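Heads up: the structure comes next, in structure tokens.
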Amino acid sequence: MARWEPDARGRLSVAALDLYLERGYDQTTVVDIAERAGVTERTFFRHFADKREVLFDATNQLQNDVVAAVADAPAELSPVEVVELAMSEGPTFLEQRRAHARRRAAALAATPALMERELLKIHGLRGAVASALEDRGVPALAARVAAEMGGSCFSAGFAQWVEADDARSLSSYIHEAFAQLRLMTDVPH
């Protein structure tokens, strides 16, 4: 095995996604993923706690980027405007990962255990955003409502972006979801 090759973590992620799509999540083992990536099983566990976590590697970066964008948002913005800015402009790294996002969405949709983990990660993102809003002085209930709405708009925009066959940015889809929210709730922008 070529254990000295760089980017074992990235190779493990690609190998896992390929195998989940080829064989299915339940039929793929950690050993299968490690072999496909050209590393040992031990190396797999240095990078990931279990075979589900391989598909959620970018979740921490997403959460960190969004929370940082909440903290850096201009003080004069409303909580919803802060969340829109953070959700649409924070995770710029996703823009270059559209093909991966499509493949990942297919693997998640085919496996309830993976979808469950996805929902837990999104719930965690919403909680982190609510805490970041509270750190800005937003009352707890308002922070939670803004974070929940923002998480829903992010999820809806992300799903549209993954499914669409166009050159529009993820950010534009997220802004569109927020615009729909404002239309439905008659909340001025």
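Every number in this text was worked out from the coordinates using simple rules, so none of it is lab data. Not measured: the values here are computed from a predicted model. Reconstructed Cβ throughout: ideal geometry from the backbone, glycine too, with neighbour counts over all protein chains shown.
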| Percent RCO, i.e. relative contact order, over the chain, from Cα pairs under 8 Å lying at least 6 residues apart | 20 percent
| task | Take the Cβ-Cβ distance between residue 64 and residue 182 as r, set R0 to 22 Å, and report the resulting FRET efficiency rounded to the nearest 0.05. | result | 0.20
| query | What's the exposure ranking of 166, 135, going from fewest to most Cβ atoms within 10 Å? | reply | 166, 135
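For the chain, compute the orientation-averaged projected area of the C-alpha convex hull (one quarter of its surface), in nm². List each step's numbers first, then the result.
Working: hull surface 47.1 nm².
Seen from a random direction, the Cα hull of the chain projects 11.8 nm² on average.
For every helix of n ≥ 4 consecutive DSSP H residues, a contribution of -39,500 (n - 2.57) applies; sum these over the chain, divide by its total residues, and give [θ] at 222 nm rounded to the nearest 500 deg cm²/dmol. Walk me through the numbers before you get to the answer.
Values: 9 runs with 132 residues, N = 189.
Using -39500 (n - 2.57) per qualifying helix, the result is -23000 deg cm²/dmol.
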| note | Extension length gain for residue 172 and residue 31 (0.36 nm per residue less Cα distance), in nm, is 46.8 nm
| request: Pop a pseudo-label 7 angstrom from the Cα along the beta-carbon direction at both residue 105 and residue 92 and give the gap in nm to one decimal. | output: 2.3 nm
